[in-house]
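J.: Have a look at the structure that comes next, please.
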């Protein structure tokens, strides 16, 4: 368990400052993200042609919760991947790969910002172009 995850579990009132979500919202998001992750892994597994038995290979250093937390902390604080790697005990490239894996999954679960919602509707874009 990373120090940050342990800190959040012990100090639930600080969750909003660290990741921008209340503790209950974070727990719910993690559950939904894990379900989406398992579904994606099943789809990928169905497409694979296996040479090596399932379960082989190097084990991941971060738990699923820690990977999601890493992504949320990056989105909240926009720190470098080098610092994220140090905080979570992984390399810079692992932090970057983790973020790039979880970002599309979390985008499906998290609401868009107001500007992104406006960009998606063509009628309002025409109004913006007039100004």
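The values are calculated or read from the model by the stated rules, or taken from the named source; none is laboratory data. Note that the structure is a prediction, hence the values are computed from the model and not measured. Note: ideal-geometry Cβ built from the backbone for every residue, glycine included; neighbour counts use all protein chains shown.
J.: Can you go through 84, 109 and tell me which one is modelled with pLDDT under 90 and either within 18 Å of residue 3 (Cα to Cα) or touching a helix residue (DSSP H, G or I) at 6+ places or on another chain (Cβ under 6 Å) (or both)?
T.: Only one candidate passes the filter, namely 109.
J.: Now, a different point. If I ask for residues that are loosely packed, with under 14 Cβ neighbours inside 10 Å, in a loop (DSSP other than H, G, I, E, B) and touching a residue at least 40 places away in the same chain (Cβ under 8 Å), which ones from segment 40-86 would you list?
T.: 63
J.: Return yes or no: is residue 28 assigned to a helix (DSSP H, G or I), more than 20 Å from residue 101 (Cβ to Cβ), without any contact (Cβ under 8 Å) to a residue 60 or more places away in the chain and out of contact with any strand residue (DSSP E or B) (no Cβ under 8 Å at 6 or more places or on another chain)?
T.: For residue 28, the condition - assigned to a helix (DSSP H, G or I), more than 20 Å from residue 101 (Cβ to Cβ), without any contact (Cβ under 8 Å) to a residue 60 or more places away in the chain and out of contact with any strand residue (DSSP E or B) (no Cβ under 8 Å at 6 or more places or on another chain) - is met.
J.: A further question on this structure: Do the conditions hold for residue 40, that is, is it modelled with pLDDT of 90 or more and within 16 Å of the chain's Cα centre (by Cα)?
T.: In short, yes.
J.: Another one. So which of 94, 15 is at pLDDT 95 or above, surrounded by 13 or more Cβ atoms within 10 Å (Cβ to Cβ) and either under 19 Å from residue 5 (Cα atoms) or touching a helix residue (DSSP H, G or I) at 6+ places or on another chain (Cβ under 7 Å) (or both)?
T.: Step by step, each of 94, 15 is checked, and only 94 is at pLDDT 95 or above, surrounded by 13 or more Cβ atoms within 10 Å (Cβ to Cβ) and either under 19 Å from residue 5 (Cα atoms) or touching a helix residue (DSSP H, G or I) at 6+ places or on another chain (Cβ under 7 Å) (or both).
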